[in-house]
Structures are given as C-alpha cells and as structure tokens.
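Shown next, in structure tokens, is the structure this report addresses.
The values are calculated or read from the model by the stated rules, or taken from the named source; none is laboratory data. Every value quoted in this text rests on a predicted model; they were computed, and no experiment measured them. Don't worry about glycine lacking a Cβ; one is built from the backbone with ideal geometry, like all the others, and counts go over all protein chains shown. With ligands, DNA and RNA removed, areas are computed over all heavy atoms of the protein, side chains included. Shrake-Rupley method; radii C 1.70, N 1.55, O 1.52, S 1.80 Å.
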Amino acid sequence: YGINARNVAYFISGESESQYYDKLKDQNTHSAAAWINANTTPDSVVLLFNEPRVYFLDRSYIISSPHQNYIDYWSMNSSEELRARLKELRISDILINDELIDAYSKAIDGSKATSLMHNLTEDKAKATLTYQKNKIRVYKV
C-alpha cells in the first residue's frame with residue numbers, strides 16, 4: 001500500500017474531491033481553482049503568484065516566479081506599471097498563495113515583486129478581492 005494507503009479511504013468513503021483536498025496539509029489551491037473555474041469566463045487568464053501548481057485550473061494562466069520573463073518586476077517602479085503589464089498580458093485574475101514559502105524572498109531583490117503585488121492588491125481601485133480561504137486569495141484586476 002505504501003505512502004498512498006491512507007488515501008484509499010477517499011475512494012471507498014464517498015467523500016467528494018473537494019472534501020479530500022480540503023483535508024490535505026499541502027496548502028493546495030483546489031478550492032480557489034474550483035472557484036475560478038466556476039466564476040470566471042473561459043477566456044480568463046489567471047496570474048499565479050507564489051503558486052506553481054496549476055493542475056486544478058481550467059483557465060489559461062501565467063505562473064509568476066523569479067525565473068519567468070513575462071513580468072519584469074525589477075524594472076517597475078509602481079503598482080500602476082504592474083497593472084499596465086497585466087493588462088498587456090490580458091490577465092483578468094490573480095491567485096496568490098501566501099501559504100507557500102515566498103519564492104521571491106529567495107531571489108535577488110525579490111521583495112520588490114512581493115511589494116509591488118501587495119501594493120496592487122491593496123488598492124481597491126486596481127484589484128478586487130473575490131475569493132479568500134486562509135492565506136489563499138483571488139483578485140479581479
């Protein structure tokens with residue numbers, strides 16, 4: 001049975017997929033992705049910030065990490081510049097997972113990316129909180 005023996009109960013207990021994932025301690029974004037899938041249009045583009053796992057998401061996406069080239073946080077001076085770049089990329093929603101260790105804190109001057117994102121999401125004129133569960137949030141931009 002190995003490491004998956006404890007998961008056998010999921011298959012025979014009748015619990016839903018959501019109930020199963022909600023019990024896991026891996027800070028997964030199953031509930032947030034289900035919310036996005038149910039409450040956004042199929043042409044939505046989601047930016048995942050501090051979240052590399054997309055297997056629950058049925059929308060187009062861009063994973064924001066210190067190693068990507070889509071968003072050059074380090075050349076930006078304001079959240080308005082970040083918002084403009086998100087519009088260029090047709091990003092409609094941002095999923096942020098603060099449950100995971102912040103990948104940007106390990107990068108050179110990574111705090112700038114985190115700070116820009118924080119400033120953007122705190123400005124209600126630029127982003128609207130649409131979903132929150134623990135430290136996982138979704139914003140409409």
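Residue count for the range 35-57, restricted to those that are at pLDDT 95 or above and either part of a loop (DSSP other than H, G, I, E, B) or touching an Asp or Glu at 6+ places or on another chain (Cβ under 6 Å) (or both): 7. Please determine whether any residue of the range 20-34 is among the acidic types (D, E), over 20 Å from the mean Cα position of the chain (by Cα) and either modelled with pLDDT under 90 or open to solvent by less than 40 Å² (accessible area, probe 1.4 Å) (or both). There is no residue in the range 20-34 that is among the acidic types (D, E), over 20 Å from the mean Cα position of the chain (by Cα) and either modelled with pLDDT under 90 or open to solvent by less than 40 Å² (accessible area, probe 1.4 Å) (or both).
Taking the range 59-88 as the range and being modelled with pLDDT of 95 or more, part of a loop (DSSP other than H, G, I, E, B) and surrounded by 12 or more Cβ atoms within 10 Å (Cβ to Cβ) as the test, only R59 passes.
Checked against (1) in contact (Cβ under 8 Å) with a residue 40 or more places away in the chain; (2) closer than 13 Å to V141 by Cβ; (3) not aromatic (F, W, Y), R85 meets all criteria but (1).
Within the range 91-122, can you find the residues that are open to solvent by 10 Å² or more (accessible area, probe 1.4 Å), modelled with pLDDT under 95 and either among the hydroxyl-bearing types (S, T, Y) or in a loop (DSSP other than H, G, I, E, B) (or both)? Within the range 91-122, D98, E99, L100, I101, D102, S105, A107, I108, D109, S111, T114, S115 meet the criteria.
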